[in-house]
Amino acid sequence: MIPENRFHNNSFSIPKLLIEKEDINLFIEEFKGFHAQFADCFSREEPRENFYQYMAGQMSQLERKSIEPIALNVENAKVRAMQHFLSDIEWHEDLILTRYRDMVSEDMGDEDGVLIFDESGFVKKGNDSVGVFRQYCGSIGKVENCQVGVYAAYASRHGYAFLDSRLFIPEKWFGEDYAERRKKCRLPDEICFKTKPQLAVEMLEHIVCEGALSFRYITADSIYGNSPEFIDAAERVPGAIYFVALPSDTLCWMQNPATIEKTYRYAGEQRTKWILSETTDKPSTFEKIAKGTNDYFWYRRTVSEGAKGPIAYEFMKRRVVLAKDGKPDRTVWLIVRRTIGEAHNYSYFISNAGISTRLKTFVWISGVRWAIEQCFEEAKSDLGMDHYEVRKFPGWRHHMITCMLAHFFLWHMRIKLGKKSASYYAVAA
């Protein structure tokens, strides 16, 4: 069971996705109404029907939810037609996602909402699927032949949902030796290599520009927290507070280091620059600061509750000045979390929260990331998110869109019914 966050004052708990078995009779008519909202996103009736059938298959009780078993078990569906629909038919993706995020805002929107960025890997055999490469796959915890997607999710006191996704295409895929493979996989010519943080920035900026969702917090793992582009993008969002992980070897000063102005000549011109004073100590690593902090400054706090009872850690916070290229950069909060016991394991985070921010706020937000992990868990175990067998770029993109919509539909039913229960069931094929 995935932990549920405790809450403190302006923080909040995030509910779980639970729907009772007897509610299944309501689903089919609701599902038809949900799909009707996207009818104008397709040019013909046939893709509209395939859109309905494919998602109905994803929410069915089928053990394997790839195209063939779905088409063979959903009434009036055909394998080839569904394959063509998923990978070759044009979808009005922007309109689908804009309308979808409006729905998320209607059901879950909250001014204290949280944007969460993370990635998920999908193990794949062979080398013909778009973006497949030997790379780290988080779902199995090792390097493997796989595809990796970068995702944005939303969490509030009303629930959690995916917002967007991007397929990470390794840089090697843009070389000449992959030209034929790019063509077969229908990778659009305008797509160029982007790092995972750059893909996250792209989604963040799009969500902000669209303006459909209110949020206060942005959180992400160290891959994104360690990216100046991602941090800069987060700081450009008015009023947003970010809370991101960073590696243990990140350098900082506990106090603002002394600097002096130095004059020099360059290209015949006299210029000035600021350098560190000779009396300034070298910056320390997060790890050194954490391990050198007396037990007096550590506070034991419960982050969440799980099947085995409360989960507790020890926390401490310090104002620090980050080092960049040997010079002082931004001033932030350093929050360190460590496990309880003789052999401590440490996790490190930074935040641009205000100077008066209490530790309990950081404790709360350190646990919010479970919401996107729960999105992955539910979409993979119940909706076939990792069952796809498409090779083309449009097919991957379209499959992820249907997964996001199917997952949200279940949440809409939970919110509509206003119930909590032990399990949920989906649309019958």
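The values are calculated or read from the model by the stated rules, or taken from the named source; none is laboratory data. Bear in mind that the values here come from a model prediction, so they are computed numbers and not experimental data. FYI the Cβ positions are ideal-geometry reconstructions off the backbone, even for glycines, and counts take in every protein chain you see.
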Subset of the range 110-122 [buried (at least 18 other Cβ atoms within 10 Å of the Cβ) and closer than 30 Å to Trp364 by Cβ] | Asp110, Gly113, Val114, Leu115, Ile116, Phe117, Asp118, Glu119, Ser120, Gly121
Being assigned to a loop (DSSP other than H, G, I, E, B) and aliphatic (A, V, I, L, M) is the filter; apply it to the range 16-38 and report the residue that is modelled with the lowest pLDDT.
-> Ile19
Which pairs do you get when a residue that is among the aromatic types (Phe, Trp, Tyr), found in the range 169-189, comes within reach of a residue that is exposed (fewer than 14 other Cβ atoms within 10 Å of the Cβ), reach meaning Cβ atoms under 6 angstrom, with the pair 6+ apart or on two chains?
-> Phe174/Phe193
Tyr217 versus (1) over 19 Å from Pro283 (Cα atoms); (2) at pLDDT below 95; (3) of a type in the set (Ser, Thr, Tyr): which is the lone unmet condition?
-> (2)
Positions within the range 337-375 being without any contact (Cβ under 8 Å) to a residue 60 or more places away in the chain and over 14 Å from Lys317 (Cα atoms), in sequence order | Thr339, Ile340, Gly341, Glu342, Ala343, His344, Asn345
Which residues, counting only those in the range 90-102, are part of a helix (DSSP H, G or I) and free of Cβ contacts under 8 Å to residues at least 60 places away in the same chain?
-> Asp94, Leu95
Members of the range 1-15 found to be among the polar types (S, T, N, Q) and either at pLDDT 85 or above or not in a loop (DSSP other than H, G, I, E, B) (or both), listed by number = Asn5
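Being of a type outside the set (A, V, I, L, M, F, W, C) and in contact with a strand residue (DSSP E or B) (Cβ under 6 Å, 6 or more places away or on another chain) narrows it down to one of Gly354, Gly367, Gly341, so name that one. Reasoning before the result, please.
Details: Gly354 fails: in contact with a strand residue (DSSP E or B) (Cβ under 6 Å, 6 or more places away or on another chain); Gly341 fails: in contact with a strand residue (DSSP E or B) (Cβ under 6 Å, 6 or more places away or on another chain).
Just one listed residue meets the conditions, Gly367.
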What pairs can you find where one residue is in the range 313-334 and more than 15 Å from Arg358 (Cα to Cα) and not assigned by TED's automatic domain parsing to the domain that holds Trp298, the other is basic (Lys, Arg) and modelled with pLDDT of 90 or more, and their Cβ atoms are less than 8 Å apart, with a gap of 6+ or different chains?
-> none
Determine if the range 264-281 includes at least one residue that is surrounded by 10 or more Cβ atoms within 10 Å (Cβ to Cβ), at pLDDT 70 or above, under 18 Å from Lys327 (Cα atoms) and under 31 Å from the mean Cα position of the chain (by Cα).
-> no
Of the residues in the range 313-342 that are more than 20 Å from Glu235 (Cβ to Cβ) and modelled with pLDDT under 90, the one that is surrounded by the most Cβ atoms within 10 Å (Cβ to Cβ) is Gly326
A careful count of residues in the range 178-224 that are outside any strand (DSSP E or B) and either among the polar types (S, T, N, Q) or more than 20 Å from Tyr154 (Cβ to Cβ) (or both) gives 21
Can you find even one residue in the range 123-145 that is surrounded by fewer than 17 Cβ atoms within 10 Å (Cβ to Cβ), free of Cβ contacts under 8 Å to residues at least 40 places away in the same chain and in contact with a Gly (Cβ under 6 Å, 6 or more places away or on another chain)?
-> yes
Test Leu167 against the criterion of being outside any helix (DSSP H, G or I), in contact with a Gly (Cβ under 7 Å, 6 or more places away or on another chain) and at pLDDT 95 or above, and give yes or no.
-> yes
Taking the range 34-89 and keeping residues in contact (Cβ under 8 Å) with a residue 40 or more places away in the chain and of a type in the set (Ser, Thr, Tyr) leaves Ser43, Tyr54, Ser60, Ser66, Ser87
Within the range 308-353, of all residues that are acidic (Asp, Glu) and outside any strand (DSSP E or B), the one nearest to Gly292 (Cα to Cα) is Glu342
Is it the case that the range 102-121 has a residue that's in contact with a helix residue (DSSP H, G or I) (Cβ under 9 Å, 6 or more places away or on another chain), aromatic (Phe, Trp, Tyr) and farther than 18 Å from Arg397 by Cα?
-> no
Output for the range 132-154, where each listed residue is at pLDDT below 95 and among the small types (Gly, Ala, Ser) | Gly138, Ser139, Gly141
For Ser87, are the conditions met, namely being within 24 Å of Phe243 (Cβ to Cβ) and surrounded by 14 or more Cβ atoms within 10 Å (Cβ to Cβ)?
-> no
